[in-house]
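Worksheet: one structure, shown below.
The values are calculated or read from the model by the stated rules, or taken from the named source; none is laboratory data. Since the model is a prediction, treat every value here as computed from it, not as a measurement. FYI the Cβ positions are ideal-geometry reconstructions off the backbone, even for glycines, and counts take in every protein chain you see.
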Amino acid sequence: MVEGRPVPSYAGRPLLELVGIGKSFGRTAANRDVHLDVWPGEILGILGENGAGKSTLMNIIAGLLSPDVGKILLNGETVRFSSPRDAAAAGIGMVHQHFKLIGSLTVAENIALGDARWGRGMLRLTSLRKEVGALAATLGVAVDFDRRVDDLTVGEQQRVEILRALSRRPRLLILDEPTAVLTQDERLGLFRLIADLAERRMAVIIISHKLEDILENCRRVVVMRQGSVVDRAHLAGRNRADLVRMVVGEDLPAVVGSPERAVAAAPLITVENLTVRRANGTLAVDGASFALLSNEVLGVCGVDGNGQSELIQALTGMVQPASGRVHYHLQGVRDGWQDAAMLRRLGLCHIPEDRHRHAILADLPLTANYLMTHLGRREFNWRGWLRRRAVHDRVAAAISAFEVRAPGPHARMAELSGGNQQKFVLAREFACAPRIIVAAHPTRGLDVRTIAFVRRQLMRMRAEGAGILLLSADLQEIWEMADRVAVMAAGRIRGPVAVSETTLQDVGHWMTAR
Amino acid sequence: MKSVRGDLMLGVLILLSVAAVPALFILAAGKSPVAAYGALIGYTLATFNGFAEVVVHAIPLTLIGLGVAVAFRGGIFNIGGDGQLIVGAIASVAVAPWLGRMPVPLGLLCFLVVGFAGGGALGALVGWLRARFGANEIIVTIMLNYVALQLLTWVIRGPLQEPMRIFPQSFAIPATVELPVLVANSRIHAGLIVAVVATLVLFVVFRHTAYGFRLSVIGENRSVAPFAGINDRRTIVQTMLISGGLAGLAGAVEIAGIHHKLQDDFAGGYGLAAIAVALMARLNPLAVPFTALLFGVFYVGAGALQRDAGIPFPIVWIIEGTVIFAFLAYDALMHRATAPR
């Protein structure tokens, strides 16, 4: 197996022990009778589908939630956390899936936030710089304390989060989906760091949907399903298929391949010399020209921050390009720039990369979340008057068609797990029978079963003649689904070329070319 | 599940603190809290005159409060109720001489519409500044409050001054555009009907129209707008137009129902109270008239305290502040108890 994996000592007593933890929200039991132990120097993996109760459990350990029943033992002594501050004081640090950084503050200010050591009234940023800088140096992490968090890439933001957690000298570090947003290089760097921490006797819990994360880096795994621990195992001698079976409880249907195109492909979008600028005026997309064809999946990959996001926002009518032309070969299209509502009416739908920011209204019911992108349809909006009954019926149908696990059309979006939210977004976006689908990281942060579901749906739409622009950081995904692939680096687009005529190495090389 | 008994206990606790905190100040003023509360509640709720006055004050509070609720739903903080009320009133008084010659209900209707348009224009200006230049609407509306106040000071000493040119007030509006008294022996005027209709209209707008939906979407999460193809700039301008328009309507109603002319202090400083009215109603239009009545009690109760119990009237602002704080505390505690995961 993997060399250099730290060997924890399972002698003595565990650092942290959970005994019979249970937690309910209303009628749903998020955790049921959970037992768990973590040892010093151990990297423990926690696997489970979306909504299996992993995040709830970790939030309990980190003091964000208090359990209804059960107890938490730290070094053999019962502890009770009433806030994350208590947990941090007891040596438990957590890095959340959705970072809790404040974008308008600098890195140093974010690290100082809520930590009394750096001053209560006046901040002692100089001593923070010295101490945290020294910590960062021993770990080999580069950090610029004066940059605004907004200006950092996602990977850099995560390092700030980890550094902030580590600056409080934790004995246990919890990482919730740490690799969901990272590139391959960043991911390897993260796990080197984690292995290093484990060698210094720190215990680390990793929650991940990526089986490789767990297989390659953990010694033990705990599998959760519907709020309970259903399996726990040492990973020595296990492979990917074993893990899939443990998580899902059965074998998954094979991912659909890319059969040859039966129909002659026609262009759906023609992009000529497209230039897009960011809000701050810098060039994001620098003269891109390509076409998206019908019956194809066109994969677009690149390291985060190389202009892919802006390209997609321009194609989907979220921002106006600075120059160049985008022509949509759709019925009824007019010249000039069109907003997202107009494009949807013509048959272009968009699954955005940042679901929470763009695609959902967490505190509103599913009906409102559905209506949001269908407000132009006569069926729901008759001369300015809403037809709530029709929306309700459509949502109910969409929920069952896409197997969204939700209490009903009136459930708030926040009540759904991440995977079910994504399924709902898919159901909503596919509802207008799109000819063009722009999907950005559609499977990011999802569990294996949901990933397979999302991919099947996309491939079904492709078979029905749609053209799909698939932005993904996961080259594996591009290779499994795409007919052609294009790479974005420093705002310029390379390709597209047929996937069958290129190699992973080529594409990887293009991604890092300057 | 949290127990209903716990909630009830909390409610009682909050009510007790609402009574207890101002009681300390009343005691400090050397008066009896029991007598004070007796005077306050006895006059405002148990006498015909008192309650009628409460309703009279609740009318403008409802209209401005509805305006505040519209804006806040869209995540826009319209603090300019006072200024929009004044500009609405000035606009309608300015055209009143011509409206006076129109048939009876029509002239009055136009008077109110012009009031709405005046306040709405000022609101829309704020919305446009925000949509076009990203100007902070809180600062702009507060500043425009002073501009409107100065405008009022000028017009009643200049272009709109009464014909004798002696008093700092405008000419009286024609009797044909006055709002008739609704309840005999009181000042309750037909503006009450205007307020009730506005409440119902707004309820329908929020619940059943595409505009109301768009408003709640951008109020919930502005960054969703470009993704959903919602023109948030247009929605902001529309919203500030409606919000300011309702305050302007309140101005026209106050003139047509109570004052019949412009004068320096007719505005009554309802703007800030209306924010509390809207927030305590949780931006629900149907609840706004009731919270407006509550604040009407404070307005009228201040006079009653001074008169009947000999207690300095600022005590009533202490009571008002305590009620707002208690509401916030209750809200925070309830929210915490049901916080989502």
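Determine which member of the set A:Val34, A:Val38 is more than 13 Å from chain B (Cβ to nearest Cβ), β-branched (Val, Ile, Thr) and either under 23 Å from A:Thr179 (Cα atoms) or within 23 Å of the chain's Cα centre (by Cα) (or both). Before you say what the answer is, go through the steps one by one.
Details: A:Val34 fails: either under 23 Å from A:Thr179 (Cα atoms) or within 23 Å of the chain's Cα centre (by Cα) (or both).
The conditions single out A:Val38.
If I filter segment A:371-384 for residues that are more than 8 Å from every other protein chain (Cβ to nearest Cβ), part of a helix (DSSP H, G or I), touching a residue at least 12 places away in the same chain (Cβ under 8 Å) and under 30 Å from A:Gly53 (Cα atoms), do I get at least one hit?
No; the residues of segment A:371-384 include none that is more than 8 Å from every other protein chain (Cβ to nearest Cβ), part of a helix (DSSP H, G or I), touching a residue at least 12 places away in the same chain (Cβ under 8 Å) and under 30 Å from A:Gly53 (Cα atoms).
All but one of (1) surrounded by fewer than 15 Cβ atoms within 10 Å (Cβ to Cβ); (2) more than 15 Å from B:Gly271 (Cβ to Cβ); (3) touching a residue at least 12 places away in the same chain (Cβ under 8 Å) hold for B:Tyr146; state the number of the condition that does not hold.
(2)
Please tell me if B:Arg187 is part of a helix (DSSP H, G or I) and either surrounded by fewer than 16 Cβ atoms within 10 Å (Cβ to Cβ) or over 17 Å from the mean Cα position of the chain (by Cα) (or both).
Details: part of a helix (DSSP H, G or I): no; either surrounded by fewer than 16 Cβ atoms within 10 Å (Cβ to Cβ) or over 17 Å from the mean Cα position of the chain (by Cα) (or both): yes.
So B:Arg187 fails the test.
Can you name every residue in segment A:179-209 that is under 22 Å from A:Asn306 (Cβ atoms) and of a type outside the set (Gly, Ala, Ser)? Working first, answer last.
We begin by selecting, within segment A:179-209, every residue under 22 Å from A:Asn306 (Cβ atoms); these are A:179-190.
Selection gives A:Thr179, A:Val181, A:Leu182, A:Thr183, A:Gln184, A:Asp185, A:Glu186, A:Arg187, A:Leu188, A:Leu190.
Residues checked against (1) within 14 Å of chain A (Cβ to nearest Cβ); (2) within 15 Å of the chain's Cα centre (by Cα); (3) part of a helix (DSSP H, G or I):
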residue: B:Gly212; (1), (2), (3): yes, no, yes
residue: B:Ile230; (1), (2), (3): yes, no, no
residue: B:Glu254; (1), (2), (3): no, yes, yes
residue: B:Phe295; (1), (2), (3): no, yes, yes
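Out of curiosity, is A:Ile399 of a type in the set (Val, Ile, Thr) and under 18 Å from A:Gln97 (Cβ atoms)? Write out each step before concluding.
Details: of a type in the set (Val, Ile, Thr): yes; under 18 Å from A:Gln97 (Cβ atoms): no.
Spelling it out, it is not the case that A:Ile399 is of a type in the set (Val, Ile, Thr) and under 18 Å from A:Gln97 (Cβ atoms).
Within segment B:92-113, count every residue that is under 19 Å from the mean Cα position of the chain (by Cα) and either of a type in the set (Phe, Trp, Tyr) or more than 17 Å from B:Val201 (Cβ to Cβ) (or both). Full working, then the answer.
The initial filter retains those residues of segment B:92-113 that are under 19 Å from the mean Cα position of the chain (by Cα), namely B:92, B:112-113.
Those left that are additionally either of a type in the set (Phe, Trp, Tyr) or more than 17 Å from B:Val201 (Cβ to Cβ) (or both): B:92.
Number satisfying all stated conditions: 1.
For segment A:85-112, how many residues are surrounded by 14 or more Cβ atoms within 10 Å (Cβ to Cβ) and within 14 Å of another protein chain (Cβ to nearest Cβ)?
Count: 2.
Name the one entry in A:Val271, A:Val300, A:Val276 that is within 14 Å of chain B (Cβ to nearest Cβ), in contact with a strand residue (DSSP E or B) (Cβ under 9 Å, 6 or more places away or on another chain), in contact (Cβ under 8 Å) with a residue 40 or more places away in the chain and assigned to a strand (DSSP E or B).
On the way: A:Val271 fails: within 14 Å of chain B (Cβ to nearest Cβ); A:Val300 fails: within 14 Å of chain B (Cβ to nearest Cβ).
Just a single option satisfies the conditions, and that option is A:Val276.
Residue-wise test of (1) of a type in the set (Ser, Thr, Tyr); (2) touching a residue at least 60 places away in the same chain (Cβ under 8 Å); (3) closer than 30 Å to B:Leu286 by Cβ.
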site	(1), (2), (3)
B:Ala29	no, yes, no
B:Asn78	no, yes, yes
B:Trp98	no, no, no
B:Leu109	no, no, yes
B:Leu112	no, yes, yes
B:Ala117	no, yes, yes
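Among the residues of segment A:451-468, is there at least one that is surrounded by 20 or more Cβ atoms within 10 Å (Cβ to Cβ), farther than 24 Å from A:Tyr328 by Cα and within 14 Å of chain B (Cβ to nearest Cβ)?
Checking segment A:451-468: not a single residue is surrounded by 20 or more Cβ atoms within 10 Å (Cβ to Cβ), farther than 24 Å from A:Tyr328 by Cα and within 14 Å of chain B (Cβ to nearest Cβ).
Only helices (runs of 4 or more DSSP H) wholly contained in segment A:448-514 count here; list those with 2 or more residues that are among the charged types (D, E, K, R).
Result: A:448-463, A:475-481.
Taking the condition more than 27 Å from A:Ser417 (Cα to Cα) and within 11 Å of chain B (Cβ to nearest Cβ), does A:Met342 pass?
Answer is yes for this residue.
This table checks each residue for (1) touching a residue at least 12 places away in the same chain (Cβ under 8 Å); (2) part of a helix (DSSP H, G or I); (3) of a type in the set (A, V, I, L, M).
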{"residue": "A:His327", "(1), (2), (3)": "yes, no, no"}
{"residue": "A:Asp335", "(1), (2), (3)": "no, no, no"}
{"residue": "A:Gln338", "(1), (2), (3)": "yes, no, no"}
{"residue": "A:Arg357", "(1), (2), (3)": "no, yes, no"}
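Answer yes or no as to whether B:Ile218 is within 14 Å of chain A (Cβ to nearest Cβ), in a loop (DSSP other than H, G, I, E, B) and either over 16 Å from the mean Cα position of the chain (by Cα) or in contact (Cβ under 8 Å) with a residue 12 or more places away in the chain (or both).
no
With a cut-off of at least 2 residues that are over 22 Å from A:Leu235 (Cα atoms) and either among the polar types (S, T, N, Q) or at pLDDT below 85 (or both), name the strands (runs of 3 or more DSSP E) lying wholly within segment A:1-74. Show your work before the answer.
Numbers: elements: A:16-25, A:28-38, A:43-48, A:69-74.
Because the criterion is at least 2 residues that are over 22 Å from A:Leu235 (Cα atoms) and either among the polar types (S, T, N, Q) or at pLDDT below 85 (or both), the strands (runs of 3 or more DSSP E) in segment A:1-74 that meet it are A:16-25, A:28-38.
When the residues of segment B:126-142 are filtered to those that are free of Cβ contacts under 8 Å to residues at least 40 places away in the same chain and assigned to a helix (DSSP H, G or I), which remaining residue is surrounded by the fewest Cβ atoms within 10 Å (Cβ to Cβ)?
First, pick out the residues of segment B:126-142 that are free of Cβ contacts under 8 Å to residues at least 40 places away in the same chain: B:129, B:133-136, B:139.
Checking which are assigned to a helix (DSSP H, G or I) leaves us with B:129, B:133, B:139.
Numbers: B:Leu129: 18, B:Phe133: 9, B:Ile139: 12.
Among residues in segment B:126-142 that are free of Cβ contacts under 8 Å to residues at least 40 places away in the same chain and assigned to a helix (DSSP H, G or I), the one surrounded by the fewest Cβ atoms within 10 Å (Cβ to Cβ) is B:Phe133.
Please enumerate the residues belonging to segment B:253-309 that are charged (D, E, K, R) and buried (at least 24 other Cβ atoms within 10 Å of the Cβ). Talk me through it step by step, then tell me what you get.
Here is the first cut: in segment B:253-309, the residues charged (D, E, K, R) are B:254, B:261, B:264-265, B:282, B:307-308.
Passing the criteria: only B:Glu254.
Can you find even one residue in segment A:84-93 that is in contact (Cβ under 8 Å) with a residue 12 or more places away in the chain and on the phi > 0 side of the Ramachandran plot? Let's see the steps before the verdict.
Going residue by residue through segment A:84-93, those that are in contact (Cβ under 8 Å) with a residue 12 or more places away in the chain are A:84-88, A:90-93.
So of that shortlist, the ones also on the phi > 0 side of the Ramachandran plot come out as A:91.
Checked segment A:84-93: at least one residue is in contact (Cβ under 8 Å) with a residue 12 or more places away in the chain and on the phi > 0 side of the Ramachandran plot.
What residue, among those in segment A:385-396 that are away from chain B (no Cβ under 11 Å) and in contact (Cβ under 8 Å) with a residue 12 or more places away in the chain, is farthest from A:Ala440 (Cα to Cα)? First the steps, then the outcome.
Residues of segment A:385-396 that are away from chain B (no Cβ under 11 Å), as a first pass: A:389-390, A:392-396.
Checking which are in contact (Cβ under 8 Å) with a residue 12 or more places away in the chain leaves us with A:392, A:394-396.
Details: A:His392: 28, A:Arg394: 25, A:Val395: 23, A:Ala396: 26 Å.
The selected residue is A:His392.
When you look at B:Ile64, is it touching a strand residue (DSSP E or B) at 6+ places or on another chain (Cβ under 9 Å), part of a helix (DSSP H, G or I), hydrophobic (A, V, I, L, M, F, W, C) and within 13 Å of B:Val253 (Cβ to Cβ), yes or no? Spell out how you get there, then give the answer.
Working: touching a strand residue (DSSP E or B) at 6+ places or on another chain (Cβ under 9 Å): no; part of a helix (DSSP H, G or I): yes; hydrophobic (A, V, I, L, M, F, W, C): yes; within 13 Å of B:Val253 (Cβ to Cβ): yes.
In short, no.
Against the condition of a type in the set (Ser, Thr, Tyr) and within 25 Å of the chain's Cα centre (by Cα), how does A:Tyr370 come out, does it pass? Full working, then the answer.
On the way: of a type in the set (Ser, Thr, Tyr): yes; within 25 Å of the chain's Cα centre (by Cα): yes.
Spelling it out, A:Tyr370 is indeed of a type in the set (Ser, Thr, Tyr) and within 25 Å of the chain's Cα centre (by Cα).
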